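Have a look at the structure below, then the notes.
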C-alpha cells in the first residue's frame, strides 16, 4: 500500500507547509501553499506512487461571508480535485488566496483540461491565472459586469434594477458577438491558402441545442475549432446558494435534462453525507431502478439523434416511441415525466404505487427485442459505420488528460464505472458488467452505450425481483419532520415541525462530494455548508463540460461532415455544459 498522500507530500516538500482538513466525505483534503501548488500538482500528476493522473475538477469558494471557514485569513479558496485510478481515490487540494482580485499560477501546462476550468473560475470569481494561454470569459457574455459567484453579486433579478435595452447597448452586444480569429490565436492565411471561418450554431440541428462552434477551414478540412458555450447558462450554482437544501432539488433536474433523477441522486448523496443520514434499503432500490430507467431513456435520445446526424431518419422515431414507454412508467410512479423531481433528502417522495411492478415487467420483457432490432437497423448499417469508424479517435491517456469519463472513457478500453469501482446507493448488490471497447472512435462510443442499455435492463430486473419491504424514506429528523399528530403534544415538536417545513433543514457545517456514474459520465455536487438552511457553496461538476472542451482537439484534420459525427458520439447536453 502506498503511503497516505499527506505523508508523501510532507516527505517530498517539507512537514510544516501542509495542513490536513477533516471533511464529511473523508476525501484527503490538504491545504497547500500558493507558491508550491504547481510543484505539488506536477508531483501528483507524474512522480507520485500511483499518480493522480486526472484533473477531475477545479473551482473556487468566496470565503468572505462564511461563518465557519476553516482558514480564517483568506478571502478566496481555490479547490483542485484530482483522481488516481491506481489508488481508486480522490485527493482535494486547497489553496488560500488573499486580496480582492487575487492571482495564481495556471496549471494548463500540466493538464489541457485545466484551460476551461480556469477560465470558468476567472469568469465567476475574478481570480486570474498567470500563464493561462487565453484567459477570457467562458459562460458569461464578454460584456457582463461583475463575477456572478462572488458574494456581492446579486442572486435574484429582484436585487437588480429593471432591464433596459438601449440602442447603444444593443450595438455593443452585437459587436461583441463578432468573431475575430486573432483574439483566439487563429490565422486567416497560410502560405498556400486563405482559411474560411464557418459559424455553426447557436441554432443548428447538428449542435443539439444552443451551442456555437466556429470552424477554421482549409477547404472541407477542419484546421481548428472554437466552441462558444454559455448560451444555456442559468446560474445553477448561484441558485444553490439562495435556495434551501430541500427546494434546490428540482433545479438539479434541469442540468442534464435527459438524465432525470440521476441529477437528484448526485446532489442528495452529498447532502446525506453531510447530514449523516442513512437511507432505508427499499428507498435505495427504488432510486437505483429509476436511475437505470432514465439511463436507458437518455441513451435512446442519443441513439436516435446520433443515427439522424449521420443520415438515418427512421431510428429516431422508433426510439422516441420507446422512450415514451419509459416515461409512462416514470409518470405512474412519480407524477412527472422528463423532470420528475421525485427523490428527497433521506429517500423518495412517496412509496411505489400499486401496479408499478406490472408496468416495469412489461417493459423489461418488451425492450430486448427492440434493442436487437435497432442493432440491425443502426449498428450494422454500412452508412453508419462509414461515418463513425475511425472518426474522432482519442486514446486512453488523452481521455484521462482531458477529463473524459463514462462511456467516452470506456470506449478507449478503460474498464471503469463508478457504480462498480466506488459503489453508492447499494450498487454493489447488483450483478452487471462494464461494457468497454478498444478503438476510442465514434463507433466504439456507440457500442459502449448500446451495451450499457442491456446492463441497465439487468439491473432493473434485479430491482423488480428483489424489491425489499420497509420505509421509503429515512426517519432522520433532518429528512422527515415530526408526525403531525405529535405536534399537538408538546411545543418543541410543533416548533421543529414548523421550522423544518417553512425554512427547511439546517445541515451541519462541513463539506462533501460523492461522485456518481450519470448517463454521460461522472457527475458530482461538491457542497459546502456553514450550518445554515442553504448551502454556502454548490459546485456542480458535469461530464459534458469536460467532453465539449475536447472537441477542437479531436476534430482537427477531419471534415465538417465528420464534426457532426464527433458531436453526436460525444453525447452531451447543453445545460450539462453550461449549468
Within the group 501, 506, 573, 515, which residue is assigned by TED's automatic domain parsing to the domain that holds residue 440 and touching a strand residue (DSSP E or B) at 6+ places or on another chain (Cβ under 6 Å)?
515
Is at least one residue of the range 179-199 under 19 Å from residue 309 (Cβ atoms) and at pLDDT 85 or above?
yes
Enumerate the helices (runs of 4 or more DSSP H) found wholly within the range 492-579, keeping only those where 1 or more residues are farther than 25 Å from residue 185 by Cβ.
543-549, 560-570, 574-578
Can you name the residue in the range 477-491 that is farther than 23 Å from residue 243 by Cα and part of a loop (DSSP other than H, G, I, E, B) and, of all such residues, is nearest to the chain's Cα centre (by Cα)?
483
Inspect all residues belonging to the range 203-211 and state whether any of them is in contact with a strand residue (DSSP E or B) (Cβ under 9 Å, 6 or more places away or on another chain), surrounded by 17 or more Cβ atoms within 10 Å (Cβ to Cβ) and under 30 Å from residue 61 (Cβ atoms).
yes
One residue is enough: does the range 519-533 have a residue meeting the conditions on the phi > 0 side of the Ramachandran plot, surrounded by 23 or more Cβ atoms within 10 Å (Cβ to Cβ) and within 26 Å of the chain's Cα centre (by Cα)?
yes
Given the conditions (1) surrounded by fewer than 18 Cβ atoms within 10 Å (Cβ to Cβ); (2) at pLDDT 90 or above, report the number of the one that residue 335 does not fulfil.
(2)
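Report yes if residue 354 is modelled with pLDDT of 90 or more and in a helix (DSSP H, G or I), otherwise no. Steps first, answer last, please.
Working: modelled with pLDDT of 90 or more: yes; in a helix (DSSP H, G or I): no.
Judged against the criteria, residue 354 is not a match.
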Conditions: (1) surrounded by fewer than 17 Cβ atoms within 10 Å (Cβ to Cβ); (2) at pLDDT 90 or above. Residue 41 meets all but one. Number of the miss?
(1)
Go through (1) surrounded by fewer than 22 Cβ atoms within 10 Å (Cβ to Cβ); (2) within 12 Å of the chain's Cα centre (by Cα) and name the single condition residue 541 misses.
(1)
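I'm trying to understand the selection: among the residues of the range 483-502, which are surrounded by 14 or more Cβ atoms within 10 Å (Cβ to Cβ) and closer than 29 Å to residue 67 by Cα?
Within the range 483-502, 493, 494, 496, 497, 499, 500 meet the criteria.
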Residues 7, 68, 46: which one is assigned to a loop (DSSP other than H, G, I, E, B) and surrounded by fewer than 18 Cβ atoms within 10 Å (Cβ to Cβ)?
68
Those residues of the range 303-321 which are assigned to a loop (DSSP other than H, G, I, E, B), crowded, with 21+ Cβ neighbours inside 10 Å and without any contact (Cβ under 8 Å) to a residue 60 or more places away in the chain amount to none
List the helices (runs of 4 or more DSSP H) that sit entirely inside the range 161-277 and contain at least 3 residues that are closer than 30 Å to residue 514 by Cα and touching a helix residue (DSSP H, G or I) at 6+ places or on another chain (Cβ under 9 Å).
236-242, 249-253, 261-275
Just one listed residue, out of 121, 91, 79, 95, is farther than 15 Å from residue 61 by Cβ, crowded, with 17+ Cβ neighbours inside 10 Å, in contact (Cβ under 8 Å) with a residue 40 or more places away in the chain and not assigned by TED's automatic domain parsing to the domain that holds residue 541, and it is 91
Of all residues in the range 90-128, how many are part of a strand (DSSP E or B) and within 19 Å of the chain's Cα centre (by Cα)?
3
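The values are calculated or read from the model by the stated rules, or taken from the named source; none is laboratory data. This structure is a prediction, so every number in the text was calculated from the model and none was measured. Note that we place each Cβ from the backbone using ideal geometry, even for glycine, and neighbour counts take in every protein chain shown.
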